[in-house]
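What follows is one structure encoded as C-alpha cells, with my remarks underneath.
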Amino acid sequence: MSTESMTDKGEVAASASPVGLTHKQILTILAGLMAGMLLAALDQTIVATSIRTIADDLGDLSGQAWATTAYLITSTITTPLYGKLSDLYGRRPLFITAITIFIAGSIASGFATSMNELAAFRGIQGLGAGGLFSLALAILADIVPPRERARYQGMFLAVFGTSSVLGPVIGGFFAGASTIFGLDGWRWVFLINVPIGIVALAVVFKVLHIPHTRRDHRIDWWGAVALVVGMVPLLLVAEQGNKWGWGSGRTLGFIALGVVGLASFVFVEFKMKDDALIPMRLFKNGPFSLGLIINVLIGLAMFGALACLPLYLQLVKGASPTASGLLLLPMMLGLMGGAMGSGIYTSKTGKYKIFPIAGATILVVAFMLLLTVTVDTPYVLLDVYFLMIGLGLGLNMQTMMLAVQNVVKARDIGVATSSATFFRQVGGTLGTAIFLSILFNSLPNNIGSKLTTAAQTPEFQGAMQSSGMTPTDLAGFGEKITSDSSFLNKLDPIIARPIKEGFVASTHSVYILAAIVMVVGLILAFRLKEVPLREKSALQEIQEEDAAAAAAEAAGNVGNAGEAVAAADATTESSGAAPTTLTKKPDRH
C-alpha cells in the first residue's frame, strides 16, 4: 500500500495517498463532491428570494411555508439514515442515490402546478439533500487523514459561502424573468439543479471508486420509524409554532408526540447496539458528545441570528432580496477565510482546539457589537460586523466536524459525520424558530412605543397631515409588518423611521440571546479535549485492520487475529473511540 509523503510544511506531494489516490485524483473527486454539495447549498438560498413569486403564480400565497417546511423535514430526517447506510453499503452508491433523488425532485418541482404539488416535490428534493452534505464530508474522511482533511474541508465551506451569496442573486433573476426557454422564469430555480447534478453524477461515476468492506448487520428499521415520529412533529412546531400559537393544543400535542418518538428512538438504539442508526456507545465518548452539543449551539446561533440580518437589510435599509444577499458578501468572505486559514494551520501543526475557542469569542463580540446597530449605521461598519460573524463561524464549523470525526472508529465515520450534520441542522431549525418568534412577538410593542414617542414631534405630525393619516392608521402597523412589509416602501420616510427603529429594537433581543448561546459554546470549547489528529485516512485504517485479521485467520489463529485488530486500532482507542471488535472474515466487494 503506497503512502502519501508529507513535507515538514504539511504540503501534499503528488505521490499516491494511503488509499492509492494521488493529490490530483483527490482534487478530482472533490470536484464531484463539491458539485453535489452545491446542489443542496444553493437550493437552501435560491428559493428564498423567489418563493413569493412562485406562490403568486401558483395562486396560494398562504401555502408557501409548506414548500420550505417539507424540504427541511425530509433533509433533516434522512441525514442520519444516509450516514449509517453508507457505513454498511459504501459511500458511492448512497451518494449517487442522493444526487439522483435530488435531480428527480428538482425536475418535478420545476413542473409543479400547485403549491401542494410543489411542497410534495420539495420533500422529494429533501430526501436527496439529506445525503449530499454528510456523505461528501464522510467520503473526504475516507480518503484523507484528519490532519490534512481540514484544508480540503475549507473548500467545502467555500461552496457553502459562495452559494449563500449567489443563491439570492440567481433566485431573484429567475423570479424576475417572465419566461426562459419557453418556461416561467421561476421554474428554473429548480431546473438549474439538473445540469449541475448531471455533472456531479458524471464525475462521481468516473472517479469515485474507493474500496468498501461489507459487514454483517441488521437494518434499524424501528429506529428509523421512531426518529421520524420524533422529529417530524418537532420540526413542524419549529416551523409553524409561531403561526399556530405556542400554547395551542396543536402545538402542545405535536411536542408531546415528538417527545414520545424521541424517547422511543433512544430505547430502540440501545437495543440495536452497533446496528443502531446512531449507536449509543458513541455518546460514552466525551469529545464526541461535547462536539455534538457545540454543533447544536453553532446551528442555533448561526441560523437563528442570520435570519435577522437579511430582514434588517431589506426592511430597515431598503435593500431588495437580491441586494441583501450581495450585502452579506463580507460575512461569506469571513466564513471562507476562517475555514481555509484554520485548515492550513491545522494541517501544518496538528492543533485545532484554539479555533472553536477563538471562533466562539469572535461571535460573542460580534453579536454584542450588533447591539449598537441603528437605522443609520453605515454600511462600512456593518461590513465589519458581518465579516466578524463569518470569521467566527468559519473557525468553528469545519473544526468541530473534524474533532468529531477524529475520535470515532474508522468504521463509524459515516455515522459520526451525519450525526454532527444532523445536530447542527436541528440546532439551526430550532434557532430560526426561536429567534424569529422572539423578533416578531416583540415587534408590535416596540413599533408601537417608537410611534408613540415620534407622534409627539412636529415633524411627525406634519408628515401625518400631509399623508392624510390618522392615529388609528398607526395602531395597526405593528401587526401589519409581520404579514406584509411592502407598505413601508410607500410611507413618508418620517413616518416609516419609528417603525424601522422598532424593528431594530426587536433584533437586539435576538442578538443578546445569540451572544448568550455562544458564551455557553465558548465555555464548552474550553472543555473540549484536543485529541491528536490521526495520520491515516479512515479507509487506510480499515484496510490495515482487515489485512491483519485476514492474515491471522489464514494462519488459523483467531485469537491472534483479535490481537492484531486491536493493535491496528490502537491509534483510534487512544483518541477516545471504542475499540474495534472482530466478528467474521469481511466480504470485500
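Would the stretch 341-354 turn up any residue that is outside any helix (DSSP H, G or I), among the polar types (S, T, N, Q) and touching a Gly at 6+ places or on another chain (Cβ under 7 Å)? There is no residue in the stretch 341-354 that is outside any helix (DSSP H, G or I), among the polar types (S, T, N, Q) and touching a Gly at 6+ places or on another chain (Cβ under 7 Å).
The condition of being farther than 23 Å from Leu88 by Cα, buried (at least 23 other Cβ atoms within 10 Å of the Cβ) and either in the same structural domain as Leu42 (by TED's automatic domain parsing) or of a type in the set (Val, Ile, Thr) (or both) holds for Ala150.
If the requirement is being within 21 Å of Thr429 (Cα to Cα) and outside the structural domain of Gly172 (by TED's automatic domain parsing), which of these qualifies: Met336, Met368, Met332, Met388? If you could, list the steps in order and put the result at the bottom.
Numbers: Met336 fails: within 21 Å of Thr429 (Cα to Cα); Met368 fails: within 21 Å of Thr429 (Cα to Cα); Met388 fails: within 21 Å of Thr429 (Cα to Cα).
Criteria check complete, one pass: Met332.
Determine whether the stretch 98-116 contains at least one residue that is surrounded by fewer than 24 Cβ atoms within 10 Å (Cβ to Cβ), out of contact with any Pro (no Cβ under 6 Å at 6 or more places or on another chain) and under 25 Å from Phe265 (Cα atoms). Within the stretch 98-116, none of the residues are surrounded by fewer than 24 Cβ atoms within 10 Å (Cβ to Cβ), out of contact with any Pro (no Cβ under 6 Å at 6 or more places or on another chain) and under 25 Å from Phe265 (Cα atoms).
Taking the stretch 283-327 as the search range and keeping residues that are part of a loop (DSSP other than H, G, I, E, B) and more than 14 Å from the chain's Cα centre (by Cα), which one is surrounded by the most Cβ atoms within 10 Å (Cβ to Cβ)? Per the criteria, the residue is Asn285. Checking each residue in the stretch 456-472 for being outside any helix (DSSP H, G or I) and farther than 16 Å from Arg497 by Cα picks out Gly468, Thr470.
For the stretch 97-135, give me the residue count where each residue is part of a loop (DSSP other than H, G, I, E, B) and among the polar types (S, T, N, Q). Before you say what the answer is, go through the steps one by one.
Within the stretch 97-135, the subset part of a loop (DSSP other than H, G, I, E, B) is 111-114.
Checking which are among the polar types (S, T, N, Q) leaves us with 113-114.
Result for the stretch 97-135: 2.
The sole residue among Leu528, Leu524, Leu539 that is over 21 Å from Tyr312 (Cβ atoms), under 27 Å from the mean Cα position of the chain (by Cα), among the hydrophobic types (A, V, I, L, M, F, W, C) and modelled with pLDDT under 90 is Leu539.
Which one of these is on the phi < 0 side of the Ramachandran plot and touching a strand residue (DSSP E or B) at 6+ places or on another chain (Cβ under 8 Å): Leu94, Leu88, Leu137?
Working: Leu94 fails: touching a strand residue (DSSP E or B) at 6+ places or on another chain (Cβ under 8 Å); Leu137 fails: touching a strand residue (DSSP E or B) at 6+ places or on another chain (Cβ under 8 Å).
Going through Leu94, Leu88, Leu137 in turn, just one is on the phi < 0 side of the Ramachandran plot and touching a strand residue (DSSP E or B) at 6+ places or on another chain (Cβ under 8 Å): Leu88.
Every residue, every condition in (1) at pLDDT 80 or above; (2) closer than 30 Å to Ser437 by Cα; (3) aliphatic (A, V, I, L, M), yes or no:
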site	(1), (2), (3)
Ala505	yes, yes, yes
Ala515	yes, yes, yes
Arg534	yes, no, no
Ala549	no, no, yes
Gly562	no, no, no
Thr572	no, no, no
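Taken as a whole, the structure places Glu479 among residues that are modelled with pLDDT under 80 and exposed (fewer than 14 other Cβ atoms within 10 Å of the Cβ).
Among Leu58, Leu132, which is aliphatic (A, V, I, L, M) and out of contact with any Gly (no Cβ under 6 Å at 6 or more places or on another chain)? Walk me through it before giving the result.
Working: Leu132 fails: out of contact with any Gly (no Cβ under 6 Å at 6 or more places or on another chain).
Result of the check over Leu58, Leu132: Leu58.
Here Leu21, Leu81 are screened, and the one residue that is under 20 Å from the mean Cα position of the chain (by Cα) and either modelled with pLDDT of 75 or more or farther than 19 Å from Val194 by Cα (or both) is Leu81.
Residues in the stretch 404-455 that are at pLDDT 85 or above and outside any helix (DSSP H, G or I) were compared, and the one that is surrounded by the most Cβ atoms within 10 Å (Cβ to Cβ) is Val408.
Taking the stretch 238-263 as the range and being in contact (Cβ under 8 Å) with a residue 40 or more places away in the chain, over 23 Å from the mean Cα position of the chain (by Cα) and either part of a helix (DSSP H, G or I) or loosely packed, with under 13 Cβ neighbours inside 10 Å (or both) as the test, only Lys243 passes.
The values are calculated or read from the model by the stated rules, or taken from the named source; none is laboratory data. If you're wondering where the values come from, they're calculated on a predicted model, not measured in any experiment. Neighbour counts are summed over all protein chains in view; Cβ atoms, including those assigned to glycine, are modelled from backbone coordinates with ideal geometry.
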